[in-house]
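Asker: Handing you this structure, nothing more for now.
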Amino acid sequence: MQINRGRDSLIDIEYLTQLQDSFSRAVGVYTYCLDSAGVPVTEASGPKEDAERLMEYISPERVADIFYRLTLSNIEDQVIEDTQIPNVKFGLTTVRVNGQALLTWVVFGVISDYDPEGYVEEPITGISSEVTFDRFQDGLDLIRETCLYQTRVRMHAVNAEAENRRNKYSEQELNEALKRSEVMTSIVQLMDKDEIAESIAVSALKIVGEYLGLSSSHIYITNIHDNSLMDIMAEWYAPGMVPRFDTSRDLPRYSFLSGSKLQAISSGSTVINPKWLEEMEMLGIKSMVIVPIKSSDRPAYMYACYDECNRDRYWSVDEINFLSDATRIVESIIERRRYEINIASSFESVRASLDNVGTSVYVRDLQTGTLQFTNKTMITNFTSEVKFDKSEDRPLKRIFESQIPEDSDSGSLEIYNPQRDEYYELYYSHIIWMGSAPSLMCAILDVTEKKKNQKKIEQLAYTDFLTGLYNRMCCERDLARLVDGAVTENKHGAILYLDLDDFKHINDGLGHQYGDVLLQAIAHSFTRVRGVEETSYRMGGDEFVIVVPPDSYSDLDRIITDIKAIFNRPWFLKDADYYCTMSMGVVSFPDEGTQIQDLIKKADITMYEAKKSGKNKVAIYNRDMDSQSSKRLDMEKNMREAGKNGYEEFLVYYQPIMDIQLDGSPCVGAEALVRWDSPSLGFISPGDFIPLAEYLGLIIPIGAHVLRKACETCKKWNDNGHPNYKVNVNLSVVQLVQPDIVQIVRTTVEETGINPHNLTLEVTESLAINDMNKMKEVLAAIREIGCRIALDDFGTGYSSLNHIRELPIDVIKVDQSFVRELASDAYSQAFVRYISQLASMIGMSICVEGIETSQQFEVLSDMDVRMVQGYYFSRPLPQNKFEEKYI
């Protein structure tokens, strides 16, 4: 259902309802929508009782006043107002299209951080949800921007649909004009036939009847000596129609064969002679056009009758004019054949007919090269070309006749005239003009608008609406052309397949509108890379293809470097800098094939290998990747199958964490690590399946499965003699940016019964790069549950010490890269010692991972480090093995 009020028809009510319900739940407010006249089109979202209580303090009159203030002025789009209740506020925000107000949202709710000063009334209580004032204000911005984006998309679709309809109608008119011009040319060509007039008349009736889909057509001759009789000169019947006459001479004359004017009788017509209707009914004719045929000595003594017997028909003006023009040509032919009048008289008749066909027509004598005839349309449209036909340039010959194949007697061509930037359809035929020498007749129709409309449609079909780049369909078309050219000229080109790393995090974290802004900015940067300005394509989502054409292949390394440089800088989104990297696969053609789909598939496979090797990488295709692709497809299939069974194939292994400051360095907990034991594929390395799980988005349910299993196991240990055992669980980037991650952790803690202080969640340092404020908010909420936060892989990211200061963390885990040379490298020793002292001073714990040798362990024993883990103590173990050894 849609609002049916002018421009409001662009908005779908069901979509508005879904939008406001989702918005209200997400922000914690109540919302309803007004149309451009201020009339509510949705009911208030949220719990009904709460909404009704709050709306008691927001009068309709006050809403109306603010509505007209906003919509009648272009100065402001949003207003937030107080009520007499200190913690109740409401606001209006207007969505404008082309400067005109389209929709206005009314948003109201309970403010948690209100200022009670100056209010007499007590704050309202018992409302199910509250929001901060900043969140209330941000919510107004969000719903306006989201609705404005949807409206623009719908306007684009409506405009495209209207453009397509105009193109369709324009094309239909052009095609009809082309067809009618062809028919007229066919009738004119009958003049050249060396046949009697009766035979030519039958051919003309057939051409006309088949074109208009008539039942039958006749040419009657009235008897000169007996006015009550008539003869049949020519007759034609459509297939399946029974001939009307057994003889062709001295037949009773029909009453409607009278007068000197054309008569068009449509079905159901009553404003004609009753006698005519009676005769038509007797003959089974439902509609008819009667055209008098004049002769040189009488106003009218022959009549052409065009009949419709099978269905009701209402003659259009174009059909009547066509029948009149066609009959005039037949009239000329009959005059020439039967009475052998002079050529000039026939010429004038043909001129009169061809002057009205709406097509430019000219005839040239093939022996002398002179123009024998040009109709009025030709003179109007090609004045200069006709005027200078006798010059050396001969523009008509240059533009049109030079394109005609030498051995062709008739046909049609499409011709482009660059001087005018116009396109034409040229119909040509060799004829004997007016009984004289062999001639060439050309009929020219201007189809420039048709071609422009086709280009507009093609532009819509081949362009990505969001970024303005070409789309997948255009990529495949252009790539086919470039590959064929490379094969023919023995050259080389390349396909660069790009996928943005962790783009989903920006999309989910900041909102789709900022994700779209990022895609547009990246697309614009691609078009500025020298050598590939016109060969950048968006394949869908966050995937792009850049084709390096053969002419630029020598600069391939420089082009790749320029593209990598685009992603080395941050993108300014929502008042902050964000980093977004890409993974790229490179395939050369025709070296690696000439089939377009195979080349794109190979580039995609290569891109995935780059992503699997650590993201922000460039990989070059090699033949071994085909088998790796098959393995990847098998893994994806089996991973999805594992999901149907609750991800039980994904096992949790435990690596002990030791306290080396206690006697005997006992185990005090473990880090939970996921392993995949597939029934079909066997035991798969985490380095193989975890990147794929992140790429497919399946890391979210797998991570939730690991979290629950680890909590259940730790609770078991706590209840069986080890109350202080702790378990560490890794949270991936994909998990942390989910809007419900805090609720998932809270629910898991509550349902498993684990002491939240015994659960440590590890996050990688690189998570903080893109959205520090978002990470601080999420991690602080997890800490409020009681869980501890560990900063994993410390020392490998950006501005590490800043992260210690800004993030709400409890444990610092020093990355194993600082431990490999710990026994001999003074820098590594100094770094670990400094971090351990710093952590002690600010009340944090430190854990050093990757301890593999006794020498590394001995060095740590002299430092202020408590927690360590690594292969020196134990590899990750299945639960039963871990419990046998440590529980």
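Asker: For residue 620 and residue 367, compute 0.36 nm times the residue count separating them, minus their Cα-Cα distance, and round to one decimal in nm.
Answerer: 84.4 nm
Asker: With all protein chains present and a 1.4 Å probe, how do 484, 478 order by accessible area, largest first?
Answerer: The residues order as 484, 478, largest area first.
Asker: Would you please name the GluC sites (Glu not before Pro) within region 50-152 that are DSSP coil residues with at most 13 other C-beta atoms within 10 Å of their C-beta?
Answerer: Of the GluC sites (Glu not before Pro), the ones in loops of region 50-152 whose Cβ has at most 13 other Cβ atoms within 10 Å are 56, 76, 117, 121.
Asker: Right, another one. Using only the Cα atoms, what convex hull volume per residue in Å³ does region 418-479 have?
Answerer: Here the figure is 142 Å³ per residue.
Asker: For the chain, find the longest principal axis of its Cα atoms and tell me its angle to the long axis of helix 772-785, 0 to 90°, nearest 10.
Answerer: 50 degrees
Asker: Continuing with this model, one more query. With r defined as the distance between the Cβ atoms of residue 145 and residue 489 and R0 fixed at 60 Å, what FRET efficiency is calculated, to the nearest 0.05?
Answerer: The value I calculate is 0.75.
Asker: Going by average Cβ neighbours within 10 Å, how do the peptides 180-186, 36-42 rank, with the highest at the top?
Answerer: Highest-to-lowest ranking by the protection proxy: 180-186, 36-42.
Asker: With every protein chain present, what is the per residue accessible area of the chain (1.4 Å probe, Å²)?
Answerer: Normalised by residue count, the accessible surface of the chain is 48 Å².
Asker: Still on this structure, I have one more. What is the distance, in nm, between label points placed 7 Å from the Cα along the Cα-to-Cβ direction at residue 224 and at residue 416?
Answerer: Simple spin-label model gives 6.0 nm for this pair.
Asker: I want to verify the translational diffusion coefficient of region 191-256 in µm²/s; compute it with Stokes-Einstein, Rh as the Kirkwood radius over Cα pairs, at 37 °C and 0.692 mPa s.
Answerer: In µm²/s, the coefficient is 253.
Asker: Just to verify a number: FRET efficiency for residue 751 and residue 581, C-beta to C-beta distance, R0 = 35 Å, to 0.05?
Answerer: Efficiency for this residue pair is about 0.40.
Asker: Which order, highest average first, do 390-396, 492-498, 635-641, 218-224 follow once you tally other Cβ atoms within 10 Å for each residue and take the mean per peptide?
Answerer: 492-498, 218-224, 635-641, 390-396
Asker: Averaged over all directions, how much area does the convex hull of the C-alpha atoms of region 1-116 cover when projected, in nm²?
Answerer: Directional mean of the projected Cα hull area for region 1-116 stands at 7.5 nm².
Asker: Next up: As a test, work out the antiparallel percent of DSSP beta bridges whose residues both lie in region 485-644, rounded to the nearest 5.
Answerer: So the antiparallel bridges amount to about 90 percent of the total.
Asker: Can you tell me, using C-alpha contacts under 8 Å and at least 6 residues apart, the relative contact order of the chain as a whole percent?
Answerer: Computed value for the chain: 5 percent relative contact order.
Asker: Which trypsin sites (Lys or Arg not before Pro) does region 217-264 hold that lie in a coil by DSSP with at most 10 other beta carbons within 10 Å?
Answerer: Taking region 217-264 and a limit of 10 other Cβ atoms within 10 Å, the loop trypsin sites (Lys or Arg not before Pro) found are 261.
Asker: Ignoring solvent entirely, what values of log10 I(q)/I(0) come out of the Debye formula for region 53-127 at 0.16, 0.21 Å⁻¹ when each Cα is a single scatterer?
Answerer: Result of the Debye calculation: -0.62, -0.90.
Asker: If you average 1/r over all unlike Cα pairs in region 817-887 and invert the result, what Kirkwood radius do you get in angstrom?
Answerer: 13.1 Å
Asker: Quick one: work out Rg over Rh on the C-alpha atoms of the chain, Rh as Kirkwood radius.
Answerer: Ratio value, two decimals: 1.17.
Asker: Next question, about the same structure. Using alpha-carbon pairs under 8 Å, 6+ residues apart, how would you state the relative contact order of region 1-150 in percent?
Answerer: It comes to 22 percent, rounded to a whole number.
Asker: Between residue 246 and residue 173, what is the label-point separation in nm under the 7 Å Cα-to-beta-carbon projection?
Answerer: Once both label points are built, they end up 5.2 nm from each other.
Asker: Tell me, what % of the accessible area of the chain is carbon and sulfur with a 1.4 angstrom probe?
Answerer: 48 percent
Asker: Throw me the Rg/Rh for region 108-147, computed over C-alpha atoms with Kirkwood Rh, two decimals.
Answerer: Ratio of gyration radius to Kirkwood radius: 1.06.
Asker: Does anyone have the angle between helix 343-354 and the longest principal axis of the chain? Alpha-carbon axes, 0 to 90°, nearest 10?
Answerer: Helix 343-354 sits at roughly 30 degrees to that axis.
Asker: Place the peptides 566-577, 669-680, 779-790 in order of packing, highest mean first, counting for every residue the other Cβ atoms within 10 Å and averaging per peptide.
Answerer: Result, highest mean first: 669-680, 779-790, 566-577.
Asker: Taking the Cα centre as origin and putting +1 on Lys and Arg beta-carbons and -1 on Asp and Glu beta-carbons, what dipole magnitude results for region 58-142, to the nearest 20 debye?
Answerer: Once rounded to the nearest 20, the dipole reads 440 debye.
Asker: Right, here's the next one. Expected output is a single nm value to one decimal: the length gained when fully extending between residue 598 and residue 454, i.e. 0.36 nm times separation in residues minus the C-alpha distance. What is it?
Answerer: 48.8 nm
Asker: Whole number please: convex hull volume per residue of the Cα set in region 516-559, in Å³?
Answerer: Roughly 66 Å³ of hull volume per residue.
Asker: Taking loop as defined by DSSP and a crowding limit of 15 other beta carbons within 10 Å, which chymotrypsin sites (Phe, Trp or Tyr not before Pro) in region 385-486 fit?
Answerer: Qualifying residues, ordered by number: 388, 465.
Asker: Can you give the extra length, in nm with one decimal, that the chain gains between residue 310 and residue 827 once fully stretched, where that is 0.36 nm per residue apart less the Cα-Cα distance?
Answerer: Full extension from residue 310 to residue 827 adds 176.1 nm.
Asker: Taking R0 as 22 Å, what's the FRET efficiency between residue 159 and residue 74 from their Cβ-Cβ distance, rounded to 0.05?
Answerer: Rounded to the nearest 0.05, the efficiency is 0.40.
Asker: Something else about it: Sorted from largest down, give the three principal axis spans of the alpha carbons of region 602-687, whole angstrom values.
Answerer: Largest to smallest, the principal-axis extents are 57, 33, 17 Å.
Asker: What nm value, rounded to one decimal, do you get for the distance between residue 383 and residue 834 when each label is placed 7 Å out toward the C-beta?
Answerer: About 8.6 nm, to one decimal.
Asker: In angstroms, what radius of gyration and Dmax does region 343-426 have, counting Cα atoms only?
Answerer: When restricted to the Cα atoms of region 343-426, Rg and Dmax are 13.4, 39 Å.
The values are calculated or read from the model by the stated rules, or taken from the named source; none is laboratory data. Every value quoted in this text rests on a predicted model; they were computed, and no experiment measured them. Heads up, the Cβs are rebuilt from the backbone with ideal geometry, glycines too, and the neighbour counts pull from every protein chain shown. Only protein heavy atoms, including side chains, enter the accessible area calculation; ligands, DNA and RNA are left aside. Shrake-Rupley method; radii C 1.70, N 1.55, O 1.52, S 1.80 Å.
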